[in-house]
1. Assess whether LYS78 counts as being farther than 20 Å from THR238 by Cα, out of contact with any helix residue (DSSP H, G or I) (no Cβ under 6 Å at 6 or more places or on another chain) and open to solvent by 60 Å² or more (accessible area, probe 1.4 Å).
2. Given the conditions (1) at pLDDT below 95; (2) over 11 Å from the mean Cα position of the chain (by Cα), which single one is not true for LEU25?
3. Could you check, for region 172-181, whether at least one of its residues is touching a strand residue (DSSP E or B) at 6+ places or on another chain (Cβ under 9 Å), open to solvent by 40 Å² or more (accessible area, probe 1.4 Å), modelled with pLDDT of 95 or more and within 16 Å of ligand 2 (Cβ to nearest atom)?
4. Against the condition modelled with pLDDT of 95 or more, in a loop (DSSP other than H, G, I, E, B) and under 20 Å from LYS268 (Cα atoms), how does GLU204 come out, does it pass?
5. Can you run down the residue pairs with Cβ atoms below 7 Å, 6 or more apart or on separate chains, where the first is in region 19-33 and over 19 Å from ALA262 (Cα atoms) and the partner is assigned to a helix (DSSP H, G or I) and within 11 Å of ligand 1 (Cβ to nearest atom)?
6. For LYS123, which of the numbered conditions (1) over 18 Å from VAL307 (Cβ atoms); (2) touching a helix residue (DSSP H, G or I) at 6+ places or on another chain (Cβ under 9 Å) fails to hold?
7. Taking region 256-269 only, how many residues are part of a loop (DSSP other than H, G, I, E, B), within 12 Å of ligand 2 (Cβ to nearest atom) and open to solvent by less than 30 Å² (accessible area, probe 1.4 Å)?
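The values are calculated or read from the model by the stated rules, or taken from the named source; none is laboratory data. All values reported here derive from a predicted model rather than from experimental measurement. Using ideal geometry, Cβ is built from the backbone for each residue, glycine included, and neighbour counts are taken over all protein chains shown. Note: areas computed on protein heavy atoms with side chains; ligands, DNA, RNA excluded. Shrake-Rupley method; radii C 1.70, N 1.55, O 1.52, S 1.80 Å.
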Amino acid sequence: MTKKEATGLEDKILELKKKRNAVILVHNYQLPEVQDIADYRGDSLELSRIAAKTDAKVIVFCGVHFMAETASILCPEKKVIMPDMHSGCPMADMITAQDLRRLKKEHPKAVTVGYVNTSAEVKAELDYCCTSTNAVKVVNYLKDKFEEIVFVPDKYLADYVSKETHKKLIFWNGFCPTHVKILPDDIKREKKFHPFAKVMVHPECLPAVVAMADAALSTSQMCKFAHESEAKEFIVGTEVGLIYRLKKDNPAKEFYPASEAAVCPNMKRTTQEKVLWALEELKEEVRVADEVRQRARLAIDRMLEIV
Ligand code: 13P
Ligand code: SF4
């Protein structure tokens with residue numbers, strides 16, 4: 001796409017966005033061209049908070065399906081649309097509501113905590129929701145109140161949270177296919193090339209990778225950490241899309257991806273053209289059935305009360 005075409009598209013999106021009274025929410029892993037048209041960029045927690053508060057009538061959610069669903073759970077009176085309905089999260093698909101009901105039957109006394117990377121049906125079965133920003137806080141809050149805690153679906157986030165809170169967790173065998181591509185050898189190699197760089201990784205990474213990091217953080221926490229740190233160089237152990245935002249927000253600092261293989265194909269499905277089509281046709285809409293939505297909302301509200 002030429003610069004001129006890109007600008008033309010951006011103008012059209014801006015015009016239609018105003019006409020539709022829409023807001024464009026963009027996850028930190030989205031393509032640069034999509035980050036550039038965002039009203040708000042953020043991690044899962046920030047984007048759901050913004051969705052809950054916005055006055056706009058339409059939310060164009062540029063991320064993956066569970067994120068748009070969470071926005072719809074929080075504001076059912078708004079129209080939440082996704083530019084590409086096929087942008088799913090393979091980790092979220094690793095557990096179904098039926099799986100969770102079975103797990104709960106096996107551990108009847110346990111409180112259930114689920115990562116926001118889950119479907120609305122799974123959230124409806126949870127006691128508490130959490131995101132990578134607040135998972136440790138949520139489990140710290142619950143650990144003395146309940147003997148047993150079920151934590152789904154990410155076994156590596158569960159491992160990280162369990163170590164941080166000193167609480168044994170009953171976990172599920174889920175994982176992020178993108179973050180497991182970052183290997184301890186990648187961190188070793190990058191540290192050799194950039195000995196003064198700070199290493200920040202997402203807690204969805206392999207435990208051996210997390211153990212080598214200076215900090216395990218959500219995507220927006222990484223932005224904050226990089227901004228506030230005195231360090232000038234950073235090795236970034238998460239999906240490569242975050243590098244664009246880090247560089248844009250901190251032009252005097254250097255950011256090196258821990259692995260170029262850490263690409264989430266679902267996050268790359270959204271383009272400026274698809275955003276324009278979504279605004280033109282006001283679709284595809286993401287809606288959650290009322291009965292599921294009300295139960296899922298409870299788990300999200302309980303999380304928001306703690307944090
Ligand atoms: P964040 O909430 O940290 O942005 O993470 C979302 C996600 O899908 C990570 O893979
Ligand atoms: Fe899901 Fe992993 Fe993609 Fe995040 S990076 S949306 S957890 S597949």
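1. So LYS78 fails the test.
2. Tallying (1) at pLDDT below 95; (2) over 11 Å from the mean Cα position of the chain (by Cα), LEU25 fails exactly one: (1).
3. Our first condition is that a residue be touching a strand residue (DSSP E or B) at 6+ places or on another chain (Cβ under 9 Å); within region 172-181, this holds for 172, 174-176, 179.
From what's left, open to solvent by 40 Å² or more (accessible area, probe 1.4 Å): 172, 175.
Next cut, modelled with pLDDT of 95 or more only: 172, 175.
Retained after the next criterion (residues that are within 16 Å of ligand 2 (Cβ to nearest atom)): 172, 175.
Yes, there is a match, as at least one residue in region 172-181 is touching a strand residue (DSSP E or B) at 6+ places or on another chain (Cβ under 9 Å), open to solvent by 40 Å² or more (accessible area, probe 1.4 Å), modelled with pLDDT of 95 or more and within 16 Å of ligand 2 (Cβ to nearest atom).
4. It is true that GLU204 is modelled with pLDDT of 95 or more, in a loop (DSSP other than H, G, I, E, B) and under 20 Å from LYS268 (Cα atoms).
5. LEU25/LEU47
6. (1)
7. 2
Condition check ((1) part of a loop (DSSP other than H, G, I, E, B); (2) touching a Gly at 6+ places or on another chain (Cβ under 9 Å); (3) farther than 21 Å from ARG245 by Cβ) across all residues:
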{"residue": "LYS188", "(1), (2), (3)": "no, no, yes"}
{"residue": "LYS192", "(1), (2), (3)": "no, no, yes"}
{"residue": "PHE196", "(1), (2), (3)": "yes, no, yes"}
{"residue": "HIS227", "(1), (2), (3)": "no, no, no"}
{"residue": "ALA231", "(1), (2), (3)": "yes, no, no"}
